[in-house]
Amino acid sequence: MKSIAVFIFISFLALGQLTFAQQSSSDQDNAAKAKAILDQAIEALGGQAYLNYQDRSEEGRFYTFFHGDANSVGTPYGLRIKFPDKDRLEILKMRSYHFLLFDVGNVPDKDKQDIVVIHNGDNGYEITYKGTAAESADDKAAFLRRRQHSLDWVLRKWIHEPGVALFYEGKTVAAQKEAEQVTVMNARNQAVTLYFDSNTHLPIKKSYSWRDPKDKERNVEEEIYDSYRQTQGIMAPFSVTRFYNGDMTYQRFITTIAFNKSLPDTLFEANVTYNPLQVPRR
């Protein structure tokens, strides 16, 4: 009787090991499929040209929305980004609209710009005619969250980090196109789901969720990428639409873009000169 019990135990143990091996093999195949799709997407974006670009300059027009309705007729902007953590957004008056790509070394005169928002590392600044103020805590947190989950960070940083996990989640429809769905999760337990056009292999949608520390509710942020064009060997979306919990909140249309213009670090430097919450002395 004892020998029969031992036999049964060994049989169950062997069956468990076989099941575990099959699951492990299946997980490896799934991760390999996800990696192949990511590699294919990076190649479609420009390969090494995309992975190695140092800075990006663009100009265009953006729109904001509230409950699906546009808040304005569109605002001209200039944006300069130095990978991975420096950017300068300039919300411009029309007369200074085309300075960005043709005058890299100079900053426009104060009467030619309305608002400048600078992020350098984890610091944020807002520059107006009143001076330079520290960015509000809520605005900075929202920006840093978007940057940490940005397409460039996921494809150029996350997938090369130790402890990253890749999941292929099959075929689906995204932005009204047939797509392949892949989720990337880093060692910090942050996850982004990416959707790639089945024909072009380019990213067409990005989605991630986060829990608000104040009300503990889970929020979903998404971006749609469209109107790709090749610039300096890199495929760039000239239309980006942002959604928050299903509602369209932001859309920008790029008119001109350039890469690797050797943007100086001074463009991303700022020092606080006043506190907008402090009552001015009489």
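List of remarks:
- Residue, surrounded by the most Cβ atoms within 10 Å (Cβ to Cβ), within region 179-206, restricted to residues that are among the hydroxyl-bearing types (Ser, Thr, Tyr) and in contact with a strand residue (DSSP E or B) (Cβ under 6 Å, 6 or more places away or on another chain): TYR195
- Top-ranked residue in region 202-256 [being over 18 Å from the mean Cα position of the chain (by Cα) and of a type outside the set (D, E, K, R); ranked as farthest from PHE62 (Cα to Cα)]: PRO213
- Residues in region 253-280 that are over 26 Å from THR75 (Cα atoms) and aliphatic (A, V, I, L, M): LEU277, VAL279.
- Residue match in region 228-249 (condition: surrounded by 14 or more Cβ atoms within 10 Å (Cβ to Cβ), in contact (Cβ under 8 Å) with a residue 40 or more places away in the chain and hydroxyl-bearing (Ser, Thr, Tyr)): yes
- Pairing residues of region 45-68 that are surrounded by 19 or more Cβ atoms within 10 Å (Cβ to Cβ) with residues that are assigned to a helix (DSSP H, G or I) and at pLDDT 95 or above, at Cβ distances under 7 Å and at least 6 apart in sequence or on separate chains, gives TYR50/ILE42.
- Looking at LYS206, LYS214, just one residue is closer than 18 Å to ALA142 by Cα, of a type in the set (Lys, Arg) and without any contact (Cβ under 8 Å) to a residue 24 or more places away in the chain, and that residue is LYS214.
- Scanning region 132-154 for residues that are part of a loop (DSSP other than H, G, I, E, B) and within 10 Å of the chain's Cα centre (by Cα) returns HIS149, SER150.
- Looking across region 250-282 at every residue that is of a type in the set (A, V, I, L, M) and touching a residue at least 12 places away in the same chain (Cβ under 8 Å), the one that is surrounded by the fewest Cβ atoms within 10 Å (Cβ to Cβ) is identified as VAL272.
- Residue, nearest to GLN48 (Cα to Cα), within region 128-158, restricted to residues that are at pLDDT 95 or above and of a type in the set (Val, Ile, Thr): VAL154
- Scanning region 140-168 for residues that are acidic (Asp, Glu) and free of Cβ contacts under 8 Å to residues at least 60 places away in the same chain yields one hit, GLU161.
The values are calculated or read from the model by the stated rules, or taken from the named source; none is laboratory data. These numbers were taken from a predicted model, which means no experiment stands behind them. Don't worry about glycine lacking a Cβ; one is built from the backbone with ideal geometry, like all the others, and counts go over all protein chains shown.
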